[in-house]
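Colleague: Take a look at the following structure, please.
The values are calculated or read from the model by the stated rules, or taken from the named source; none is laboratory data. Keep in mind that this is a model prediction, so the values were computed, not measured. Don't worry about glycine lacking a Cβ; one is built from the backbone with ideal geometry, like all the others, and counts go over all protein chains shown.
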Amino acid sequence: MNFSPAIAPAGAAHEDTPDVEFRGVSKLYGDVRAVDGVDMALKRGAFVSLLGPSGCGKTTCLRMMAGFEQPTTGQVLIRGADMTHVPAYRRPVNMVFQHYALFPHLNVEANVSYGLRQRSPAPPASEVKKAVAEALAMVRLGGYERRRTWELSGGQQQRVALARALINRPAVLLLDEPLAALDRKLRREMQIELQNLQRNIGITFLLVTHDQEEALSMSDQVCIMRDGKIVQAGSPRELYDEPVDRYVADFVGRSNFFAGRAGSGANGTIPVTLANGFATQGRSPTTAAVPRAGETIVLSIRPEQMVMAGRAADLPGDVTSRLEVVLRNRIFLGEHIEYLVEHATLGEFLVLIPRQADQGDRFATGDTVSVGWRPKAALVLRSTAAQA
Ligand SMILES: Nc1ncnc2c1ncn2[C@@H]1O[C@H](COP(=O)(O)OP(=O)(O)OP(=O)(O)O)[C@@H](O)[C@H]1O
Ligand SMILES: [Mg+2]
């Protein structure tokens, strides 16, 4: 797999030593390969997300980092030290679970101090009190020590769960869908709060989510998982602009896909013949392998990369691929208009036009218009059998 700059390469020393590293980690439950040969390195102080559909192995990865599970094969390193067989309570990581499970019979202070009080010998009461106050201040709940858990809102309960994990001063905080139980507005607020918290305290966060918007908006790095493997790791921008395959292009943002066949290209431009015989061009994302001439490919074009005009002659000169389409649906989105268009042989696809663009606003359902794209807007992705 590819590591982009913000994910440190394996084996580096000292400050460059990743906080957490997986080397060839696999986990089998009977016949189920929950995690399959994962290499991953979390750079110190980074906000990293694990993004993937249900059952792809995200929680299992986190549990192996935390020490609740042991890999079947491979190694888990924390700050360069092999922790593969070190029990959870001796690892400098803390996990916040999806169901934050506060102890309902304990007040906020007792919940937050729980980890400290379990230590032997337990720290003196004055120290515990001070640590609780600090942890609550981090999550902006100073003064809530005496509150009962049922006297807190969902967001406040989530912050108590965070404080409970932070009080141990972990090197890494593992967050397993911590916001899933919250409603949309509260979720957005907590996302911003989590980001601020991570920036202020500077420890490494690994967030598990299956919400792509959440992963993209919060993280420095996103690892996209599928069937126990990491398909691609990179910054949100890299994943959006340079997906290695159709799966990533589809998972991160929206895209139009057209099946076709690659020709032999030069200067980075690849000629492509679509299934209906339409001749066009695209480019290979820099992180992906260039397809061979004759190989079956998928052309991926983001809706906002499409251009529209009343007549083909009115499209900008560098829009070399042009199609006549009928507007089937028009959705007003404020800054943009989203059109569902239909081509006689290629079928339906999406076109997103900013209202500021000349003419973007003037078409109506049923109109016949021209749409097109520039070669650099069309990504030529290899279509393996698994992605078909
Ligand atoms: N203790 C277990 N015993 C058997 N199979 C397990 C166990 N834990 C997980 N699995 C299986 O391993 C695979 C990965 O599970 P995991 O919980 O890591 O997925 P996930 O990506 O966290 O999914 P979700 O988004 O639904 O939480 C699944 O097929 C799951 O059924
Ligand atoms: Mg899970």
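Colleague: Please determine whether any residue of the range 166-180 is among the aliphatic types (A, V, I, L, M), without any contact (Cβ under 8 Å) to a residue 60 or more places away in the chain and surrounded by fewer than 19 Cβ atoms within 10 Å (Cβ to Cβ).
Modeller: Checked the range 166-180: no residue is among the aliphatic types (A, V, I, L, M), without any contact (Cβ under 8 Å) to a residue 60 or more places away in the chain and surrounded by fewer than 19 Cβ atoms within 10 Å (Cβ to Cβ).
Colleague: Just wondering, is there one or more residues in the range 237-248 that are touching a Cys at 6+ places or on another chain (Cβ under 6 Å) and either at pLDDT 95 or above or not acidic (Asp, Glu) (or both)?
Modeller: no
Colleague: Within the range 340-368, count every residue that is modelled with pLDDT of 95 or more and of a type in the set (Ser, Thr, Tyr).
Modeller: Of the residues in that region, 2 qualify.
Colleague: A further question follows. When the residues of the range 93-114 are narrowed to those that are surrounded by 17 or more Cβ atoms within 10 Å (Cβ to Cβ) and under 31 Å from the mean Cα position of the chain (by Cα), which ends up modelled with the lowest pLDDT?
Modeller: Of everything passing the filter in the range 93-114, Tyr100 is modelled with the lowest pLDDT.
Colleague: Moving on to the next point. Going by what's in this entry, would Arg311 be described as touching a strand residue (DSSP E or B) at 6+ places or on another chain (Cβ under 9 Å), of a type in the set (Lys, Arg) and either within 12 Å of Val351 (Cα to Cα) or surrounded by 15 or more Cβ atoms within 10 Å (Cβ to Cβ) (or both)?
Modeller: no
Colleague: Can you go through Val272, Val222, Val231 and tell me which one is of a type in the set (A, V, I, L, M) and in the same structural domain as Thr287 (by TED's automatic domain parsing)? Can you show your working first?
Modeller: Details: Val222 fails: in the same structural domain as Thr287 (by TED's automatic domain parsing); Val231 fails: in the same structural domain as Thr287 (by TED's automatic domain parsing).
From the options Val272, Val222, Val231, the qualifying one is Val272.
Colleague: How many of the residues in the range 124-151 are modelled with pLDDT of 90 or more and outside any helix (DSSP H, G or I)?
Modeller: Count: 9.
Yes/no matrix, rows are residues, columns are (1) in contact with a strand residue (DSSP E or B) (Cβ under 6 Å, 6 or more places away or on another chain); (2) modelled with pLDDT of 95 or more:
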{"position": "Ile270", "(1), (2)": "yes, no"}
{"position": "Thr273", "(1), (2)": "yes, yes"}
{"position": "Val290", "(1), (2)": "no, no"}
{"position": "Leu299", "(1), (2)": "yes, yes"}
{"position": "Leu315", "(1), (2)": "yes, no"}
{"position": "Val326", "(1), (2)": "yes, yes"}
{"position": "Gly334", "(1), (2)": "no, no"}
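Colleague: Here are some residues: Gly57, Gly74. Which one is surrounded by 13 or more Cβ atoms within 10 Å (Cβ to Cβ), within 16 Å of ligand 2 (Cβ to nearest atom), at pLDDT 95 or above and not β-branched (Val, Ile, Thr)?
Modeller: Gly57
Colleague: Working only within the range 217-226, note down all residues that are in contact (Cβ under 8 Å) with a residue 60 or more places away in the chain and either part of a helix (DSSP H, G or I) or in contact with a strand residue (DSSP E or B) (Cβ under 7 Å, 6 or more places away or on another chain) (or both).
Modeller: Met218, Ser219, Asp220, Gln221, Val222, Cys223, Ile224, Met225
Colleague: Evaluate the range 208-217: report whether one residue or more is in contact with a Phe, Trp or Tyr (Cβ under 8 Å, 6 or more places away or on another chain), surrounded by 22 or more Cβ atoms within 10 Å (Cβ to Cβ), assigned by TED's automatic domain parsing to the domain that holds Arg159 and within 25 Å of Leu42 (Cα to Cα).
Modeller: Start the filter on the range 208-217 by keeping residues that are in contact with a Phe, Trp or Tyr (Cβ under 8 Å, 6 or more places away or on another chain), which leaves 212, 216.
Now narrow it down to the ones that are surrounded by 22 or more Cβ atoms within 10 Å (Cβ to Cβ): none.
No.
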